[in-house]
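Below is one structure, written out as structure tokens; comments come after it.
The values are calculated or read from the model by the stated rules, or taken from the named source; none is laboratory data. As the structure is a computational prediction, the values presented were derived from the model and not from experiment. Reconstructed Cβ throughout: ideal geometry from the backbone, glycine too, with neighbour counts over all protein chains shown. Keep in mind that these areas ignore ligands, DNA and RNA; they rest on the heavy atoms of the full protein, side chains included. Shrake-Rupley method; radii C 1.70, N 1.55, O 1.52, S 1.80 Å.
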Amino acid sequence: MAEEFEPKIVAFLCKWCSSAGSDLAGVSRMEYPPNVVPITVMCSGSVSPLYILSAFNKGADGVLVSGCHPGDCHYIKGNYYARRRIALVKRLLDYFGLEPQRFQMSWVSAAEGVKYTQIIKDFVQELKPLGPQKKLRRAQ
Amino acid sequence: MEKVLAKKSFPQWVKTLSSYKIFAPIEKEDLWSYELIEKPEQINLDYLNTVLSPKKIIFPQREVYLEFFASNEEGIEVKELLPDEKPSVIFGVRPCDAKALTLTDKVFGGDFEDLYYWNRRKQTALVGLSCSTPPSPNCFCLTVDGSPFSKDGLDVLMTDLGDKYFVETLTKKGEQLVNSAKTLFKAPTEKDKKNLAKIQQDAKKKITRQVENIKKVPPQLKEMFDSPLWDEESMSCIQCGICTYLCPTCHCFDINDEIDSSSPLKGKRIRTWDNCQFPDFTMHSSGHNPRPDKASRLRQRIMHKFQYFVELYKNYQCTGCGRCISQCPVGIDIIEVLDKVSDYGA
Amino acid sequence: MVNLEDLKKEAKAVLKDEKVKYVIGYEKSSNGLMPAPAFIKKPEDVEKLIWDPTCIHNLTRFLTDEKQKKAREKQPDERPVGIIVKGCDSRALVVLLQEKFINREDVYIIGVSCESAGVVDEKKLSKKLKDKKIENIEFDEKDNIIVTTKDGKTKIPASEILAERCLECRANFPVIYDVLLGEKTKRQPENPFQSVEKIESLSEQERWDFWKEQLSKCIRCYACRSVCPMCYCDECVVDTINFAVTADTTAEEKAQKIKWLEKSPVLSENFVYHFIRAIHLAGRCIDCGECERVCPLDIPIRFLNKKLEKDAKELFDYDSGFDPDQPSLISSFRDEDPEDFIR
Ligand code: SF4
Ligand code: SF4
Ligand code: SF4
Ligand code: FES
């Protein structure tokens, strides 16, 4: 049987909420797909569009940016800035013709281990039918 | 060898060259560029000039030198990737662009032969098309020892005589091309020859731009390193790379390693065009930049073309194609600059 | 159309009073149909100035050079620079003021209204003229452009040769100035985002195919970056070397300069360049269209900036270049910013 395509997801998780949320999922031994390369950042507001592009350029099939819920950012406003910026990035990627499913944003608090695993499960399910991301990937 | 070829037989000639890769000018949304041709019918020689010259085929903007990768036995293994080219023909080469290749030949030849360049160069035949009408209002080949029907660097030169081409074969490579379809080529009549002479004469008259006193330029430049002229002339320069990237004679390059994977190590060493008008071109790793402003960069462009190169190779490093003039977004005009240089201090 | 003599008078007055260092305007060029930027230092040189529908360059770009030059001078001349601006150009000044890249007292602004017209597109014009040289070019009162060449006068409807940016322009008169020439007649385009909507209406695959073809042409001459008044950073992500190197920068720091994209002009790297260029101009681009004008490969980069302009308007009700006191697009937010795309 042909091996099923396993998408590679790069996830930028803020240290204070989303990364803690993913840790919770880990220590609670919740099961979720191993397709994620997590990168902890100080705040979702610190994710530059370059990080996102660079991930796609180096072969990510999907990219996730995740931060604290509105009102909960450790730096008070970081996730509000992120929300604006990511909205623009998402629309621009779409305008270029990248499949919109490949780039997602989420709010995950330190207590939401379950939500985190669900987001990853859904993301993987949505990426599988798309196959590998070749549009923005650097040819090897 | 002089021949004539009926225009309607031209596609047939190209068809007989099926063992070659064929390049010719192609139009897309008003832009002309040399592209690989699949069917001879695609070729349309009613073009003016292309944005980029055939330099982009012989000396491509990106060239892979070698591949490297970690291997168990040898540490790091290196594989050289020399271009292994099938013989190619480029049709519709303008005389100025062909002459430009004779200049890059000097740079990539001499004591050290650049194999990447020469592997392509040697395998490529250039079929020129003389300029009965100047392809650009800014053509000034006559100034820089060229002409609209110069044969420098070409293997074949074709001239449009209306319903046929006058075909001059100039080298062995060219002969091979013509011989592949011997029956299509006829001997020229006296009338054809007269026609050719007339077209050539008229063509020269149609070139309106020139540098008044080009002979004075190289010696003048020698004294002008610190001249305030460079500041004045570069005021409007925006430091883009258009003039040099589009120039058929500019040949500077950069070499970078592109890493595909850091563990296990795998990557390529790649040469790309570089550009003396970019601020980072001369930036030292100490933070010192010997050409710190746009005046020094414009000076470099002019000096290299009309002083250093002349001293080294007895040729201007410019063939008068006019690209840098027409395409400069702020109207910097090399002819005007050279006129000012030759008049400087007078 | 604004009278050239009025313009010369204004420029001459400030030069004579030595109120400005020099005036940036337009003069005839020798290379083609379009003029060249002119840097007028002496009152008598104002005779060189021209003003007609070919005056397309956004001259505010030269304020970056001026600032860099001033920073290098030991005893800089503190007088302002005089600058001639159209509507779009003036909005670039507003953004530069908003970002505190320049101070209001650094510039003496001679605003020129485009009135009911704008500037012409060189490629469209040259197609009509077929290589003939322009002797004179002007608007008539009825939305036509009258071009005089050696063969006489030709009347061309303005809509056929105006630059695309002008056809979609929402404010065709200066929003900031010290003197204003011409009337503030507003010409509202039917749909300022027509070009963007055309691309948006394509399918995902068609959009990708379009951009793939366009961006593959790019030779990364960076003219689109170099010409932009907002691309004033000392150091750009696309440069291969750090410019912000000082005596204290360690070798390690230098070596660790991140290469976000390679110099190879291949699609994936060109994409990174164009995406970043566009996103860095979000809320800053004022649609002077210079980036698209200068591209030697005719890549329609304006469509990218225009898309961001449209999204900023739709999502955040943000307009760039009208108010120097408004916070910038991406350093501000509203509680009600959309988040329906967030999980
Ligand atoms: S310097 Fe300008 S005119 Fe001369 S060959 Fe180069 S591009 Fe052509
Ligand atoms: S001006 Fe055109 S070719 Fe040059 S970098 Fe910009 S898009 Fe690419
Ligand atoms: S990005 Fe282009 S349109 Fe926008 S301000 Fe810069 S030059 Fe003008
Ligand atoms: S710290 Fe979590 S989004 Fe700012």
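Below is a table of values for the structure above.
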read-out	value
Interface residues in segment B:280-299 - accessible area drops by 50 Å² or more relative to the isolated chain, probe 1.4 Å	B:D280, B:M283
Label zone at B:S180, where the point sits 7 Å out along the Cα-to-Cβ direction: segment B:56-92 residues whose backbone N lies under 14 Å	B:86-92
Projected label distance in nm at C:D298 and C:E235, using a 7 Å step from Cα toward the beta-carbon	3.9 nm
Lys, Arg +1 and Asp, Glu -1 on Cβ, resulting dipole of the protein assembly as shown about Cα centre, debye, nearest 20	2180 debye
Anisotropy class of segment C:105-177 from Cα gyration tensor, a/c 1.5 cut	prolate
1.4 Å probe accessible area per residue over segment B:2-205, in Å²	47 Å²
Theoretical FRET efficiency, 1/(1+(r/R0)^6), r = Cβ-Cβ of A:V37 and B:E232, R0 60 Å, to 0.05	0.65
Given charges at Cβ of Lys, Arg, Asp, Glu: the protein assembly as shown dipole, positive-most of B:P188, C:G25, B:V107	B:P188
Ranked order, C:E190, B:E63, C:E235, C:E252 - accessible area, probe 1.4 Å, largest first	C:E190, C:E252, C:E235, B:E63
Summed buried accessible area for C+B [probe radius 1.4 Å, Å², rounded to 100]	3600 Å²
Per residue, in Å², the accessible surface of chain A once ligands and nucleic acids are set aside, probe 1.4 Å	42 Å²
Accessible surface, per residue, of chain C when the full set of protein chains is kept, probe 1.4 Å, Å²	44 Å²
Unit charges at the beta carbon, dipole of chain C: most positive-side option, C:V14, C:P189, C:A312	C:V14
Cβ-isolated cysteines (cut-off 4.7 Å), chain C	C:C55, C:C114, C:C166, C:C169, C:C218, C:C221, C:C233, C:C236, C:C285, C:C295
Candidate residues B:D84, B:D254: accessible-area rank, largest first, probe 1.4 Å	B:D84, B:D254
Share of carbon and sulfur in the accessible heavy-atom surface of the protein assembly as shown [1.4 Å probe, %]	51 percent
Positive-end extreme of charge dipole, the protein assembly as shown - chosen from B:L312, B:G241, A:A110 (charges on Cβ)	B:L312
Exposure of B:D343 as accessible area (Å², to 10), given a probe of 1.4 Å and all protein chains	100 Å²
Summed buried accessible surface, chains A and C, 1.4 Å probe, nearest 100 Å²	4200 Å²
FRET efficiency, 1/(1 + (r/R0)^6) with R0 51 Å, evaluated for C:D325 and B:D343 via beta carbons	0.50
Sparse-neighbour loop sites [trypsin sites (Lys or Arg not before Pro); segment C:135-189; at most 11 other C-beta within 10 Å; DSSP]	C:K142, C:K150
Charge sum, other residues only, whose C-beta stays under 11 Å from C:L97's C-beta, Lys/Arg counted +1 and Asp/Glu -1	-2
Per-residue SASA entry for B:L31, accessible area with 1.4 Å probe, Å² rounded to 10	30 Å²
Cleavage-rule hits (trypsin sites (Lys or Arg not before Pro)) in segment B:244-346: DSSP loop, at most 14 neighbouring Cβ within 10 angstrom	B:K314
Counting DSSP beta bridges with both ends in the protein assembly as shown, the antiparallel % (nearest 5)	60 percent
Highest-MSF residue in chain C out of C:T246, C:T64, C:T185 [GNM, Cα springs under 10 Å]	C:T246
All Cα pairs of segment C:160-233, percent lying beyond 19 Å	63 percent
Chymotrypsin sites (Phe, Trp or Tyr not before Pro) restricted to segment B:217-270 and DSSP loop, no more than 13 other C-beta within 10 Å	B:F225
Student exercise, chain A dipole from Lys, Arg, Asp, Glu Cβ charges, in Debye to nearest 20	600 debye
Mean Cβ neighbour count within 10 Å, used as a protection proxy, ranking B:197-205, C:105-113 highest first	C:105-113, B:197-205
Inter-probe distance in nm under a simple model that places probes 7 Å from Cα toward Cβ, at C:F341 and A:K15	2.8 nm
Simple label model, 7 Å out from Cα along Cβ direction - A:E3 to B:K193, nm	7.3 nm
With all protein chains modelled, accessible area of C:K128 [1.4 Å, Å²]	90 Å²
Members of B:K164/B:K193; B:K99/B:K173; C:K127/C:K153; C:K100/C:K217 lying beyond 24 Å, as alpha-carbon distances in this model show	C:K100/C:K217
Zone of B:E29's modelled label, taken as backbone nitrogen in segment C:288-310 under 17 Å from a point 7 Å along Cα→Cβ	C:289-307
